[in-house]
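The block underneath contains the structure these notes are about, expressed in structure tokens.
Coordinate-derived values only; no laboratory data. Computed from a predicted structure; not experimentally measured. Here the Cβ positions follow ideal geometry from the backbone for every residue, glycine too, while neighbour counts run over all protein chains shown.
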Ligand code: 16G
């Protein structure tokens, strides 16, 4: 089955945006896109809506559609992995300066991961990148029972894909977000001046059976990340 027409247009526009349009540059108007691709207004609108949902463009009533500032990620509070967030923005996720260390759970980590104190755990630290640009510094602790002795993730691999593969994909998480400043070492890894602002997000994620799979602490560069939440009045 071939892809729907709006999907073909969406892909074409995504390539146009990521291959060279500047942030805030206007996209061709709906009318121009209809004429250029011989598509109906509905199809063009559907493609633009999808691009807006992925955060690649934003729309201004009466003025048109514009390219988003792609160096800034707006993260919604749905449970996604870093790789998914970055791919949704048309960029390539990666990691650098990764270290994987086997250690023993202290009382606090043991209680978070629901394992016994002293049980073996894996601590992974990675600088996460988007198109090679450092976005966040991530520290993750998982029970060693989940991984083989020679566990390693290559630079382009996703931890969540790995967990998914062993039937332990995270589906819920509890998160705390705090404002902080980066230490000299953290700032160096994220390529910003010391004491730059960051968002510190701690996440405890569990699989479909409610079993805790990871504790993660991520430091997001404040100039590259926003968190977006929809709130509802209590009834
Ligand atoms: C995000 C998660 C982190 C998870 C990582 C997996 C937050 C605050 N943190 O950084 O808990 O370990 O994604 O990403 O969202 P990956 O699957 O791309 O390796």
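Can you name the strands (runs of 3 or more DSSP E) wholly within region 23-84 that have at least 3 residues being over 30 Å from residue 175 (Cα atoms)?
64-67
For residues that are farther than 16 Å from residue 73 by Cβ and either assigned to a strand (DSSP E or B) or touching a residue at least 40 places away in the same chain (Cβ under 8 Å) (or both), tally how many sit in region 204-219.
Number of matching residues: 11.
Given the options 163, 199, name the one that is in contact with a strand residue (DSSP E or B) (Cβ under 8 Å, 6 or more places away or on another chain) and under 19 Å from residue 73 (Cα atoms).
Just a single option satisfies the conditions, and that option is 199.
Among the residues of region 104-126, are any closer than 30 Å to residue 15 by Cα and away from the ligand (no atom under 13 Å from the Cβ)?
No: zero hits.
In region 177-199, how many are under 15 Å from residue 226 (Cα atoms) and buried (at least 18 other Cβ atoms within 10 Å of the Cβ)?
Total satisfying the criteria: 2.
Could you tell me how many of the residues in region 134-171 are away from the ligand (no atom under 12 Å from the Cβ) and part of a strand (DSSP E or B)?
The number of residues fulfilling the criteria is 3.
Among the residues in region 5-27, are any closer than 28 Å to residue 208 by Cβ and either surrounded by fewer than 18 Cβ atoms within 10 Å (Cβ to Cβ) or more than 16 Å from the ligand (Cβ to nearest atom) (or both)?
Within region 5-27 (the criterion being closer than 28 Å to residue 208 by Cβ and either surrounded by fewer than 18 Cβ atoms within 10 Å (Cβ to Cβ) or more than 16 Å from the ligand (Cβ to nearest atom) (or both)), the answer is no, since none of the residues qualifies.
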